Amino acid sequence: MTWNWEFAFEIFPEIASAIWLVIGITIGAYIVSLVLGLVLTFARRSSFKPLAYLTYGFIEFVRSTPPLVQLFFVYFALPAIGISLNKYAAGILTLGIHYSTYLSEVYRSGIDSVPKGQWEAARAMNFSKIQTWFRVILPQAIPPVIPMIGNYLLVLFKETPLLMAIGVGEFLQEAQLIGASNFRYLEPITIVGLLFLLLSYPSAVLINKLEQRSKLGFGTRKN
Amino acid sequence: MGMTEKQLKSSNKPDKEMPLVQYENVTKKFGDVEVLKGLDLEIKQGEKVALIGPSGSGKTTIIRMLMTLEKPSGGVISLNGEPLWHKKIGDKLVPADEKHLRKLRSDIGMVFQHFNLFPHMTILRNVTEAPIHVLGLSKEEANERAVDMLNKVGLGDKLDAYPEQLSGGQKQRVAIARAVVMHPKVMLFDEVTSALDPELVGEVLQVIRDLAKETDMAMILVTHEMDFARDIADRVVFLHNGQIEEEGHPEDIFETPESERLQGFLSRFLNT
Amino acid sequence: MEAYINILPRLLPGAVITVQVLLASAALAFVVAFVAGLGRVSKYSIVRKITAVYVELFRGTSLLVQLFWIYFALPAFGIQFSPFLAGVVALGLNYGAYASEVVRGAILAVPSGQTEASIALNMSNWQRMRLIILPQAFRIMLPGFGNISIELLKGTSLVSLITLTDLTYKGLIIQNTNLSYTMPVFVMLLVVYFIIALPLIILAKKLEKNASRGVAKA
């Protein structure tokens, strides 16, 4: 049994039609992770120690356990304590929470790279805490890590096939269904792989370019 | 007349007269910048030559090309009469391969501005690694040779230390020992005291002075230490803008410089 | 509470499989990382291109897609892996591609002065790599390897989707046979994964601290 072009062309639109669903889930999860990531970053730096430690523990735990099991937990187990989500919300939330822990690390590295003198200068100028964060620190901390933040959009995109485990009809689920009903898996799964390459490679190149530009723009900042 | 005499000499007694190192019309460009513009330079067996000149005059590039760290853009560099970057096949010169480079490199040693010791090895291993793996010496032979040399540079008590535990001056002395144990015919020194604290410069220069006296290795020294250059060199070459502006005996160069540029260069040094 | 205690021993056989998959695929990923990482810095452009295509192919698509391709599509070419082998191969090739970037980055991070010193000592290309560059690069790689091993552990749970009875699959079976166990099963699954990850986390943090020792500064 080898590659069958006719079959491939026939099923391609069916698989590719999941693209809007995949993009929707990716963007939804990305927004969750961007916002929650920032919240985690602040909570971890909180001067209220129990909150800081709890956040640290949460980040370590979520980051080192499989997103697949977290997905099952959110979708199957949470209803037992009265939190029922449909499969799309469960998928977006799980991926969003999982990667918020990564993004909080990215934010943290950005904040850590702001020179100490900036904090001291802000204090010397009598800025409030909020002013210091939003007018002095974050505007310097975020731009250098924008490429890394952008990269997580791609990472999330590539994680979406996971959601087939709870029956979300993304690319791989579609391909799997087609494969099972035709007893031909080669074409459908290869098409899924190609779709990912086709969509992620140009984005990767774009992010790379962004990275070079931000290096130029912010490279001398520390001096 | 002079011309023919010279030609006759060189064809009669090639071994005595053949320079150890010869640059013929060597050019080097980095992108659009031409750092060497047709260099002609000869270094004889055992000769000590100091290269001086302002930064950007191309002096470091000259020795880096001989060490095969940079490729010349044009011209021919020869070692023992054999082209370094080219291989002779019949009468034709073709680009050298790795095998050819390795054969010729075995006569060249180099000491770097930033030492470039191997941080993951003890001092002893820094000095024995190449003799064992490149020259194929036994561990005992290599150790003996290395300990001997490290004693000579005054570091016989640091055999088991790691580079990070040494001062800059000590590191540079190890680097010298590491190059010397390979028994090269020509040693290259690339601003070897520039990265050192002023009080550590003396000990390194003393090691090189001793070495110059005791061995018949040729030496090419890129340096900003004028007293040292005067002391040690048989010949001083002043470079400016990728060309040799003036060369000669150290006394002539430092006492009676002819070109205005050299006069200017030297006065700046003496004043600071 | 009783449910939680009941579940634990029933998960253990699955945990053993998970650890086996982890160890086997980590070994494969390690080998692949070095082969591909060295290939990326080869002096032959054809080798650089081939390894770059491999790395981009595996980083540009999803691990789960690769796993399904190897398990479901490869039989079309007459190659039928067991679920265990398919899992190990997919995980090893996927994380090997990521780890090869760590290897490549570490090799490039060794300052050029080290290369120059080895040329000045007339070492061959291979001697330079083996005696000078790799020993230093290896220390730079270790924290990256530590982090990838945690990612790899997480990735092993995907093999449950091709019916290998790993930790996750065991949990699903228990949950299926007793729906009242749903909450305890998934909580215990997460806890057991975290316990397996714990030594890796501690190791990774330790390696990160020690990373800068014995490496030349630029």
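A:Thr2 - would you say it is within 14 Å of chain C (Cβ to nearest Cβ) and surrounded by fewer than 18 Cβ atoms within 10 Å (Cβ to Cβ)?
For A:Thr2, the condition - within 14 Å of chain C (Cβ to nearest Cβ) and surrounded by fewer than 18 Cβ atoms within 10 Å (Cβ to Cβ) - is met.
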State whether one or more residues within segment A:112-131 are under 23 Å from the mean Cα position of the chain (by Cα), assigned to a helix (DSSP H, G or I) and without any contact (Cβ under 8 Å) to a residue 40 or more places away in the chain.
yes
Hits in segment B:86-100 - residues which are touching a helix residue (DSSP H, G or I) at 6+ places or on another chain (Cβ under 9 Å) and either within 14 Å of chain C (Cβ to nearest Cβ) or surrounded by fewer than 12 Cβ atoms within 10 Å (Cβ to Cβ) (or both):
B:Ala96, B:Glu98
Hey, can you tell me all the residues within segment A:182-206 that are at the interface with another protein chain (Cβ under 10 Å from one of its Cβ atoms), over 15 Å from C:Gln66 (Cα atoms) and not in a helix (DSSP H, G or I)?
A:Arg184
Boolean, C:Tyr181 is over 27 Å from C:Trp69 (Cα atoms), within 13 Å of chain A (Cβ to nearest Cβ) and in contact with a helix residue (DSSP H, G or I) (Cβ under 9 Å, 6 or more places away or on another chain)
yes
Starting from residues that are facing chain C (nearest Cβ under 9 Å) and at positive phi, keep the ones in segment B:113-146 and report whichever is nearest to the chain's Cα centre (by Cα).
B:Phe115
For segment A:29-59, enumerate the residues that are small (Gly, Ala, Ser) and either within 26 Å of C:Leu153 (Cα to Cα) or within 14 Å of chain C (Cβ to nearest Cβ) (or both).
A:Ala29, A:Ser33, A:Gly37, A:Gly57
Conditions (1) at pLDDT 95 or above; (2) away from chain A (no Cβ under 14 Å); (3) surrounded by 15 or more Cβ atoms within 10 Å (Cβ to Cβ): number failed by C:Leu23
(3)
Consider segment B:148-187. How many of its residues are within 11 Å of another protein chain (Cβ to nearest Cβ) and under 24 Å from B:Val222 (Cβ atoms)?
8
Determine which member of the set B:Thr215, B:Thr256, B:Thr223 is among the hydroxyl-bearing types (Ser, Thr, Tyr) and buried (at least 21 other Cβ atoms within 10 Å of the Cβ).
B:Thr223
Return the pairs, sorted by first residue and then second, in which the second residue is surrounded by 13 or more Cβ atoms within 10 Å (Cβ to Cβ) and not in a helix (DSSP H, G or I), the first residue lies in segment B:260-272 and is at pLDDT 90 or above and polar (S, T, N, Q), the beta carbons are less than 8 Å apart, and the residues are 6+ apart or on different chains.
B:Gln263/B:Pro257
Criterion (surrounded by 13 or more Cβ atoms within 10 Å (Cβ to Cβ) and either in a loop (DSSP other than H, G, I, E, B) or touching a residue at least 60 places away in the same chain (Cβ under 8 Å) (or both)) met by exactly one of A:Leu34, A:Leu51
A:Leu34
Please state which one of C:Val103, C:Val35, C:Val31, C:Val41 is under 19 Å from C:Met141 (Cβ atoms) and crowded, with 23+ Cβ neighbours inside 10 Å.
C:Val103
Counting residues that are within 13 Å of the chain's Cα centre (by Cα) and under 16 Å from B:Pro184 (Cα atoms), which strands (runs of 3 or more DSSP E) fully inside segment B:61-112 reach at least 2?
B:108-111
Determine if segment B:176-183 includes at least one residue that is under 19 Å from B:Thr68 (Cα atoms) and assigned to a loop (DSSP other than H, G, I, E, B).
yes
Checking B:Ile108 against (1) touching a residue at least 60 places away in the same chain (Cβ under 8 Å); (2) within 22 Å of B:Gly169 (Cα to Cα): exactly one of these is not met. Which one?
(2)
Are any residues in segment C:117-161 hydroxyl-bearing (Ser, Thr, Tyr) and either under 17 Å from C:Gly105 (Cβ atoms) or within 14 Å of chain A (Cβ to nearest Cβ) (or both), and if so, which ones?
C:Ser149, C:Thr156, C:Ser157, C:Ser160
When both residues are 6+ apart or on different chains and their Cβ atoms are under 7 Å apart, which pairs have a first residue that lies in segment C:72-89 and is away from every other protein chain (no Cβ under 11 Å) and under 17 Å from C:Leu22 (Cβ atoms), and a second that is of a type in the set (Gly, Ala, Ser) and surrounded by fewer than 20 Cβ atoms within 10 Å (Cβ to Cβ)?
C:Val88/C:Ala24
Quick check on segment B:102-112: of everything there that is surrounded by fewer than 21 Cβ atoms within 10 Å (Cβ to Cβ) and of a type in the set (Lys, Arg), which residue is nearest to the other protein chains (Cβ to nearest Cβ)?
B:Arg102
Lone qualifier among A:Val22, A:Val69, A:Val62 - being within 14 Å of chain C (Cβ to nearest Cβ), crowded, with 17+ Cβ neighbours inside 10 Å, farther than 30 Å from C:Ile202 by Cβ and in contact with a helix residue (DSSP H, G or I) (Cβ under 9 Å, 6 or more places away or on another chain)
A:Val22
With respect to the numbered conditions (1) touching a Leu at 6+ places or on another chain (Cβ under 9 Å); (2) more than 14 Å from chain C (Cβ to nearest Cβ); (3) farther than 24 Å from A:Ile27 by Cβ, which one is the sole condition not fulfilled by A:Gly179?
(2)
Members of segment C:109-158 that are more than 30 Å from A:Pro67 (Cβ to Cβ) and of a type in the set (Phe, Trp, Tyr)
C:Trp126, C:Phe138
Among the candidates B:Val192, B:Val237, B:Val201, which residue alone is modelled with pLDDT of 90 or more and assigned to a helix (DSSP H, G or I)?
B:Val201
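The values are calculated or read from the model by the stated rules, or taken from the named source; none is laboratory data. These numbers were taken from a predicted model, which means no experiment stands behind them. With ideal geometry, Cβ positions are generated from the backbone for all residues, glycine too; neighbour counts draw on all protein chains shown.
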